[in-house]
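Colleague: Can you keep this structure in mind? I'll have questions shortly.
The values are calculated or read from the model by the stated rules, or taken from the named source; none is laboratory data. Please read all numbers here as calculations on a predicted model, not as lab measurements. Cβ placement follows ideal geometry from the backbone for every residue including glycine, while neighbour counts extend to all protein chains displayed. Heavy atoms of the whole protein, side chains included, go into the accessibility calculation; ligands, DNA and RNA do not. Shrake-Rupley method; radii C 1.70, N 1.55, O 1.52, S 1.80 Å.
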Amino acid sequence: MPGEPQDDCLFCKIVAGRIPATIVRETETTLAFRDINPQAPTHVLVIPKAHHENAAALAAAAPQLAADVLQATQDVAEQEKLESYRTVFNTGSGAGQTVWHVHAHVIGGRGLQWPPG
């Protein structure tokens, strides 16, 4: 069920404190932690504490929580002193989503050309 913790979800386990992470910011509804495989000098994941599979599911089920995640990405960028940064949501395996708990990548600290790659 959307919003409910999933026993087999890596990020739900991080929220529950069962798996360690380098947490950089936490609110009542969101958690931000460093990516274990950073693609830039700053690479932080921002997740809702409630389980939602992807960005589309989150937006449909909990628009205020989606807004909280976006606010948290801005807060992380400010905290990390990023003048420019990219916020990325991968939705679906074809887009590179590997953990089925919505997460925003906050990426910065180097030049980011377009298209990414």
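Colleague: Taking amide hydrogens as modeled 1.01 Å from N in the peptide plane, which residues meet the under 5 Å criterion relative to Leu31, leaving out close sequence neighbours?
Modeller: Counting only residues 5 or more places away or on other chains, the set is Ile47, Lys49.
Colleague: If we sort 22-31, 45-54, 73-82 on the protection proxy, mean other Cβ atoms within 10 Å, highest first, what's the order?
Modeller: In decreasing order of mean packing, 22-31, 45-54, 73-82 become 45-54, 73-82, 22-31.
Colleague: Per-residue counts of other Cβ atoms within 10 Å, averaged by peptide: what ranking do you get for 35-42, 63-70, highest first?
Modeller: 63-70, 35-42
Colleague: Using R₀ = 30 Å, calculate the FRET efficiency as 1/(1 + (r/R₀)^6) where r is the Cβ-Cβ separation of Glu28 and Asp8; round to 0.05.
Modeller: Numbers: r = 25 Å, r/R0 = 0.83.
Rounded to the nearest 0.05, the efficiency is 0.75.
Colleague: Measuring with a 1.4 Å probe in the full set of protein chains, what accessible area per residue, in whole Å², belongs to the chain? Could you put the intermediate results ahead of the total?
Modeller: Values: 6720 Å² over 117 residues.
So the chain comes to 57 Å² accessible per residue, rounded to a whole number.
Colleague: Can you give me the orientation-averaged projected area of the convex hull built on the Cα atoms of the chain, in nm²?
Modeller: 7.2
Colleague: Sort 101-110, 87-96 by packing, meaning the average of other beta carbons within 10 Å per residue, with the highest value first.
Modeller: Packing proxy ranking, top to bottom: 101-110, 87-96.
Colleague: Which translational diffusion coefficient, to the nearest whole µm²/s, is obtained for segment 67-117 from the Stokes-Einstein equation, given a Kirkwood hydrodynamic radius over C-alpha pairs, 10 °C and 1.306 mPa s?
Modeller: So the translational diffusion coefficient is about 132 µm²/s.
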